[in-house]
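The values are calculated or read from the model by the stated rules, or taken from the named source; none is laboratory data. Source: prediction; values computed, not measured. Glycine gets a Cβ as well: all are built from the backbone with ideal geometry, and neighbour counts include every protein chain shown. Each accessible area value is taken on the protein alone, full model and side chains, heavy atoms only, with ligands, DNA and RNA left out. Shrake-Rupley method; radii C 1.70, N 1.55, O 1.52, S 1.80 Å.
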Amino acid sequence: MIVRWEVLRSAARGPVVTRTLIALCCLLFLLGPLSGFDPWYGTGDRLMVAQSAYLRRWGVVPDELFGGSARAALTPLTALFLHGSWLHLLGNMLFLHVFGGLLEERMGRLEYVLFYLVCGYLALAAYAAANVSSDQTLIGASGAISGVLGAYLCLFPRARVTSLLPFLFFLPLRFPAWVVLVFWFAVQWLAQHRAGDNPSVAYLAHLVGFSLGFLYAWGRYRRTTRVNGPATATEGDSQP
């Protein structure tokens, strides 16, 4: 009983918000039509109709967001918990798992969850504003997680991050966080400029979220001592 109680106490002291966000995203993906599970939504045309309706209801559609609809105004929040594929989900949740815990510990749970939601909302809204006439649906936690990455870069730049780099045959190498995150930001920036007017990935939301996170952490914690901590990440084709 003592051992069990200590385990429960240890879990309660951990990154509860980060784990809860990951669990919610995974659960909603599994229960929603985007996972492609047959028992709930069928197959073929029936599944495609369910997926389209699901995206239009809960995702961000730029021309609807700025059309004055109260329901659409909430979609930058609901879209944060939806993902379009297993790769999209796993990539985002990996980054949130790696970088979210230490940031949650530094900010505290309430500030962290508000920070996460506000960064995500503003990042998706900024992308929609830049593509205001688009009817392409936007979903994913990428904007919020990018905010987490930006804040992490500001607060823990020298934390060691283990990365798997595809151009080095996926050898596990350890780098300071600032190397990994600056590289990630540069990749997003280049991708945004190469993507054109209708990118399949909302790179602009990534850039906005990252910048917001960094600026918030800089303004909120710039007078405090920066803290270094361990982290583990996988840098592959997945991206938040």
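Within the set of other residues whose C-beta is less than 15 Å from the C-beta of Leu55, count the net charge using Lys and Arg as +1 and Asp and Glu as -1.
On the way: positive: Arg56, Arg57, Arg71; negative: Asp63, Glu64, Asp135.
Taking every other residue near Leu55 into account, the sum is 0.
Roll a 1.4 Å probe over the protein chains and send me the accessible area per residue for the stretch 93-139 in Å².
On the way: 1930 Å² over 47 residues.
Ligands and nucleic acids excluded, the result is 41 Å² per residue.
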Can you give me the % of accessible surface on the stretch 53-98 that is carbon or sulfur? Probe 1.4 Å, all protein chains present, nothing else counted.
71
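In nm, what is the difference between 0.36 nm times the number of residues separating Arg158 and Glu111 and their Cα-Cα distance?
Values: separation 47, 0.36 × 47 = 16.92 nm, distance 2.31 nm.
Gain in length upon complete extension: 14.6 nm.
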Whole-Hz ³J(HN,Hα) from phi, Karplus 6.51 cos²θ - 1.76 cosθ + 1.60, for the stretch 127-132, glycine and proline x:
4, 5, 5, 6, 10, 5
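What is the percent of Cα-Cα separations in the stretch 39-99 that go past 17 Å?
Every Cα pair in the stretch 39-99 considered, those over 17 Å come to 54 percent.
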